[in-house]
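The values are calculated or read from the model by the stated rules, or taken from the named source; none is laboratory data. Keep in mind it's a predicted model, so treat the numbers as computed, not measured. Cβ coordinates were reconstructed from backbone atoms using ideal geometry, including for glycine residues, and neighbour counts include every protein chain displayed. For accessibility, only protein heavy atoms count, side chains too; no ligands or nucleic acids. Shrake-Rupley method; radii C 1.70, N 1.55, O 1.52, S 1.80 Å.
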Amino acid sequence: MRFGGHETFPIREGCLHNKLKLLTDVADWLGVGRNMAKSIRHWLMATGLAVRAAKETGQFTRRTLLEPTQLGALVWEHDPYFTEIGTWWALHVNLVHTPDHAATWAWFFNSFNIDRFDRAVCVESLKRHLQLSGAKRLPSDRTLERDVACFLASYARTIPPANDDPEDGADCPFRELGLLSHFKTSGYYQLHQEQRPIPSQVMGYALSKAFVDARNGQRTADISLQDAVRRPGSPGRVFALTSEALFEVVSVIEAESDGDLQIAGLAGERTIRIRQRRPLEWLAAYYASIPEGVHYAA
């Protein structure tokens, strides 16, 4: 599990586009400082857009360069400026699935079960979770505080709206997902767990990432609604949906789609029936569904 790496900088508007385009020494090419360069490289790997690449230099091998993943290539082909809301939902799903790069993100959505809290409670809960996990070496309190601060700045919209410091993540597109609010007067944060519009293919992407049966095969798979809500990495976890909210979201998708996702079973034993596809196939289908020249910005 990794904490930090982002150098306290949330993802910024445009930074993934610029870095995915270059995949070279960002400090030299983009004119940003060393810490910001490290932050951008961190986010590219944490979101699954890039991986470390080995490059032969004389007798030595350098592992500081990056190369795009299949996901990175797909996004670059269809949404190079990261204007599609589905792209940001998919990157959010990836963060929750990568504790090696985004431990606080994975912990918050998979294990933290408080929907109204302040920052101190969040930090203390994360610290207690790590202690109970039996980790041999715990991060310092300062590291955890900075990681939680970066996480909250990435997602929380301030209420009432304020002229935010450009360094605090105000332009982070993850805020547009509507998952968290920060009430400035009380200091409390609210996790929103109500029904929200999730593109059908992004829901398929999340299910395929979370369940082996959903991605291996050529037919359909049935996933219990409870597993789809409670299992770590499941849509209920990554999209912050209650059982009823997830049921409603998939019901809307079922009514508007061509049968890729359906609600099956009876009340009390509801299942989500999904056409078996690998995650990237779902995301490719998402981009194929967008009319040419039409973009749904986050």
Scanning segment 253-283 residue by residue, the ones that are open to solvent by 60 Å² or more (accessible area, probe 1.4 Å), modelled with pLDDT of 90 or more and more than 22 Å from the chain's Cα centre (by Cα) total 6
When segment 214-243 is checked residue by residue, the ones that are part of a helix (DSSP H, G or I), open to solvent by less than 60 Å² (accessible area, probe 1.4 Å) and either in contact (Cβ under 8 Å) with a residue 24 or more places away in the chain or among the polar types (S, T, N, Q) (or both) are 214, 225, 228, 235, 237, 238, 243
Selection from segment 104-154 of residues surrounded by 13 or more Cβ atoms within 10 Å (Cβ to Cβ) and of a type in the set (A, V, I, L, M) yields 106, 121, 123, 126, 130, 138, 144, 148, 149, 152, 153
Of the listed residues (174, 239), the one being touching a Ser or Thr at 6+ places or on another chain (Cβ under 9 Å) and within 14 Å of residue 89 (Cβ to Cβ) is 174
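Wholly within segment 1-96, which helices (runs of 4 or more DSSP H) include no fewer than the required count, namely at least 1 residues that are within 14 Å of the chain's Cα centre (by Cα) and modelled with pLDDT of 90 or more?
Working: elements: 15-22, 26-30, 34-46, 70-78, 85-96.
Counting at least 1 such residues, we get 34-46, 70-78, 85-96.
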Exactly one of 151, 108 is in contact with a Ser or Thr (Cβ under 6 Å, 6 or more places away or on another chain), assigned to a helix (DSSP H, G or I) and under 25 Å from residue 229 (Cβ atoms), and that one is 151
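Would you mention how many residues in segment 74-108 are β-branched (Val, Ile, Thr) and within 21 Å of residue 38 (Cα to Cα)?
So the first thing to find is which residues in segment 74-108 are β-branched (Val, Ile, Thr), and the list is 75, 83, 85, 87, 93, 96, 98, 104.
From what is left, the residues that are within 21 Å of residue 38 (Cα to Cα) are 96, 98, 104.
The total comes to 3.
What residue, among those in segment 162-187 that are of a type in the set (D, E, K, R) and open to solvent by less than 60 Å² (accessible area, probe 1.4 Å), is modelled with the lowest pLDDT?
Going residue by residue through segment 162-187, those that are of a type in the set (D, E, K, R) are 164-165, 167-168, 171, 175-176, 184.
Then drop every residue that is not open to solvent by less than 60 Å² (accessible area, probe 1.4 Å), which leaves 164, 168, 175.
Working: 164: 54, 168: 50, 175: 95.
That would be 168.
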| said: residue 157 - would you say it is without any contact (Cβ under 8 Å) to a residue 40 or more places away in the chain, among the basic types (Lys, Arg) and closer than 22 Å to residue 47 by Cβ? | reply: yes
Output for Cβ contacts, cut-off 9 Å, separation at least six or different chains, first residue farther than 13 Å from residue 285 by Cβ and open to solvent by 70 Å² or more (accessible area, probe 1.4 Å) in segment 195-213, second of a type in the set (Val, Ile, Thr) and assigned to a helix (DSSP H, G or I), reads 195/249; 195/252; 197/85; 197/249; 197/252
Picking from 181, 186, 208, the residue that is in a loop (DSSP other than H, G, I, E, B) and polar (S, T, N, Q) would be 186
